[in-house]
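J.: First the structure, which I've put down as structure tokens, then a few questions once you've had a look.
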């Protein structure tokens, strides 16, 4: 019998999220390396493309990514150097920089979309829709609790 069977659910889930995140990051880095893109660059592009209707500021994007302003700026600058992202000063607030994916970026991600879909299908293989809905609900609550902790310790 595995020692994991003796672990209470909350500890098992916490540890499993960390292990899954590390393994997904490693696999994603490996898959994206042939395109000269990092997992962080991919994630920034996905968040930017899916969560914002208008170009966000670095601060807004950092909040959604759960990252620091400085880290997001570094990743954004690398994407800009590759021609996949534009950084432009806000027209009303010169201190703020807004981010936009380029046409080249859209073409790049469209070209690699099939690869990404295979990766996602493999990760979620044998997991039913209702199981995904429960996992989503739990993760949403955990993320809300983490936000509350950040606010309290702010």
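The values are calculated or read from the model by the stated rules, or taken from the named source; none is laboratory data. All values reported here derive from a predicted model rather than from experimental measurement. Neighbour counts are summed over all protein chains in view; Cβ atoms, including those assigned to glycine, are modelled from backbone coordinates with ideal geometry.
J.: Any residue in the stretch 45-56 that is free of Cβ contacts under 8 Å to residues at least 40 places away in the same chain sitting within a Cβ distance under 7 Å of a residue that is surrounded by 12 or more Cβ atoms within 10 Å (Cβ to Cβ)? List the pairs, counting only those 6 or more apart or interchain.
T.: Listed pairs, sorted by first residue: 47/61; 47/64; 47/65; 51/64.
J.: Restricting to the stretch 128-142, what's the tally of residues that are assigned to a loop (DSSP other than H, G, I, E, B) and within 14 Å of residue 13 (Cβ to Cβ)?
T.: Final tally of qualifying residues: 0.
J.: Taking residue 106 and the conditions (1) in contact with a strand residue (DSSP E or B) (Cβ under 7 Å, 6 or more places away or on another chain); (2) under 15 Å from residue 46 (Cβ atoms), which numbered condition does it fall short on, given that it satisfies the others?
T.: Looking at each condition in turn, residue 106 falls short on (1).
J.: Another question, then. Is at least one residue of the stretch 4-18 surrounded by 14 or more Cβ atoms within 10 Å (Cβ to Cβ) and at pLDDT below 90?
T.: Scanning the stretch 4-18 turns up at least one residue that is surrounded by 14 or more Cβ atoms within 10 Å (Cβ to Cβ) and at pLDDT below 90.
J.: Residues 80, 76: which one is out of contact with any helix residue (DSSP H, G or I) (no Cβ under 8 Å at 6 or more places or on another chain), surrounded by 13 or more Cβ atoms within 10 Å (Cβ to Cβ) and modelled with pLDDT of 95 or more?
T.: Going through 80, 76 in turn, the sole match is 80.
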